[in-house]
Amino acid sequence: MLDRISHIGVIVQDHTQALGFWRDVLGLKQFAAAEIAVEGIRSVFLSVSGEPGEMTIELMQPLDKSDMNNAVARRLAEKGEGIYHLCLVVDDIPKSTARMKALGMPLLERAPVEAGVPGRWLVHPRAANGVMVEGIEEWSGTALAGRVPKA
């Protein structure tokens with residue numbers, strides 16, 4: 001079922017300011033940025049090499065911080081910046097969804113982040129020691145990687 005850890009999502013007030021730590025202090029390299037409409041966020045993706053396919057940090061900034069119907073904006077308002085989720089690459093979304101349900105996990109099935117990318121699931125933090133866990137299939141060619149030039 002599990003192939004690898006894809007990324008850790010970190011909610012931030014301002015991705016430009018957050019890059020001052022993650023990129024400029026720690027030395028991670030940006031390889032993509034995108035507005036993910038289905039989630040109402042702007043994300044910046046960073047890794048050690050500046051390439052997709054390895055463990056990544058996703059800086060997540062809500063597009064509308066006042067929209068309390070948006071889970072990321074709501075979490076930012078209630079708890080501030082910090083880790084939002086751990087994302088795992090699984091080999092098969094339908095099979096892993098069925099397995100998680102059979103094990104009694106409270107799953108939220110989510111729409112793909114963009115056309116051509118498989119759906120995904122989320123395990124509620126109450127069932128995962130306080131951490132929201134997301135399951136995705138590997139994105140062929142990393143769908144978001146080509147959106148913007150490397151910083």
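Surrounded by fewer than 20 Cβ atoms within 10 Å (Cβ to Cβ), part of a strand (DSSP E or B) and at pLDDT 95 or above: is that true of Ile5 in this structure? Here the answer is no, as Ile5 does not meet what is asked.
Taken together, Glu78, Glu134, Glu114, Glu138 contain a single residue that is in a loop (DSSP other than H, G, I, E, B) and either over 19 Å from Ala37 (Cβ atoms) or modelled with pLDDT of 85 or more (or both), which is Glu138. Would you check if there is a residue in the stretch 17-30 being within 18 Å of Arg120 (Cβ to Cβ) and small (Gly, Ala, Ser)? Checking the stretch 17-30: not a single residue is within 18 Å of Arg120 (Cβ to Cβ) and small (Gly, Ala, Ser).
Looking only at the stretch 14-55, residues that are part of a strand (DSSP E or B), surrounded by fewer than 18 Cβ atoms within 10 Å (Cβ to Cβ) and of a type in the set (A, V, I, L, M) come to 1 in all. Being touching a residue at least 24 places away in the same chain (Cβ under 8 Å), surrounded by fewer than 16 Cβ atoms within 10 Å (Cβ to Cβ) and either within 18 Å of Val113 (Cβ to Cβ) or of a type outside the set (Phe, Trp, Tyr) (or both) is a property that Glu58 lacks.
The values are calculated or read from the model by the stated rules, or taken from the named source; none is laboratory data. Quick caveat: nothing in here was measured; it's all calculated off a predicted structure. Please note: Cβ atoms are built from the backbone with ideal geometry, for glycine as well, and neighbour counts cover all protein chains shown.
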